[in-house]
Amino acid sequence: MSHMTKVKQRKKITNTMDEVEDIVEVLKKLMKSKGVGAAKLASLTDVPSRFIDALLEGNFDQLPSQPYIRGYLFKISVTLGAENDYLWQVFRSSVEALSSGEKDRLPSNRFALQKMSKSTMIWILSGIVVFLLISLNFNRILGKPDIEVTVPDTTEESVITVTGTINPDDRLTLNGEIIYTNDIGVFEKQVQLELGLNTLDFRAKRYLGRETKLVKQVFYQPPTIETTNDTGQEEN
């Protein structure tokens with residue numbers, strides 16, 4: 001397309017839009033008033049020189065999509081002392097802006113935060129809640145249980161009462177038998193002893209934690225019964 005043809009097209013646009021300002025002429029006037037050439041303007045605004053050349057020559061088909069056009073014209077307007085959106089408004093009034101649908105959008109910023117779906121947000125919040133619950137109850141859920149037991153070392157009784165305390169949330173066994181506690185973790189259990197040395201194996205297990213083992217030994221020796229023989233002497 002020749003330069004004369006482009007000029008005629010711009011004049012035709014101006015006439016049909018009731019003498020609306022022409023972007024090419026307006027830009028040239030502003031540049032002339034500031035004494036700025038195309039190369040200097042490109043340097044001052046960081047706008048590609050090919051964009052400025054395309055505007056000055058009326059090659060609107062060589063311009064990028066609308067978001068870029070508006071951004072570039074904003075920089076040029078500010079540099080040339082005009083209102084921020086002045087050249088953009090003149091451009092829109094001068095020509096029919098290129099329409100390219102989705103291409104008009106600026107490239108997405110891969111570093112920008114992406115909008116998360118509702119289900120993703122629910123999963124993240126659920127994970128945070130679970131983490132906080134585990135953190136606050138770590139020892140109660142995953143820690144190692146403590147056992148306190150009162151057992152005599154020796155006894156003359158065949159049945160003894162074993163008492164002690166543990167965390168009421170822990171599971172306690174004595175020689176494999178489950179021992180139940182009250183609400184504050186106190187337990188009491190009667191144990192039948194055999195003659196001699198008896199081993200009491202206590203084991204406390206936390207719900208998801210470790211197991212604590214405590215072994216106590218009790219020696220059972222019944223009392224000696226004194227008897228009298230035929231001579232009247234006591235026998236042990």
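Bear in mind that the values in this text are calculations on the coordinates, not laboratory data. Predicted model, so just to flag it, every value in this text is computed and none were measured. All Cβ positions, glycine included, derive from the backbone under ideal geometry; neighbour counts span all protein chains shown.
Here are some notes:
- Förster radius 22 Å - calculated FRET efficiency between R210 and D183, Cβ distance, rounded to 0.05: 0.40
- The residues neighbouring V149, those whose beta-carbon lies less than 15 Å from its own, together hold a net charge of -3 under the Lys/Arg +1, Asp/Glu -1 convention.
- Charge context of T161, other residues only, Cβ under 10 angstrom, K/R +1, D/E -1: -1
- Dipole magnitude of region 141-220, debye to nearest 20 (Cβ charges: Lys/Arg +1, Asp/Glu -1, about Cα centre): 440
- Near K205: Cβ cut-off under 11 Å, other residues only, Lys/Arg at +1 and Asp/Glu at -1. The net charge is +3.
- One way to sum up the overall shape of region 141-220 is the equivalent ellipsoid from its Cα gyration tensor, whose semi-axes run 24, 12, 9 Å, largest first.
- Square roots of 5 times each gyration tensor eigenvalue, C-alpha, region 18-65, largest first, Å: 18, 16, 7
- In this structure, the amide hydrogen of D85, modeled 1.01 Å from its nitrogen in the peptide plane, lies closer than 5 angstrom to no residue at least 5 positions away or on a different chain.
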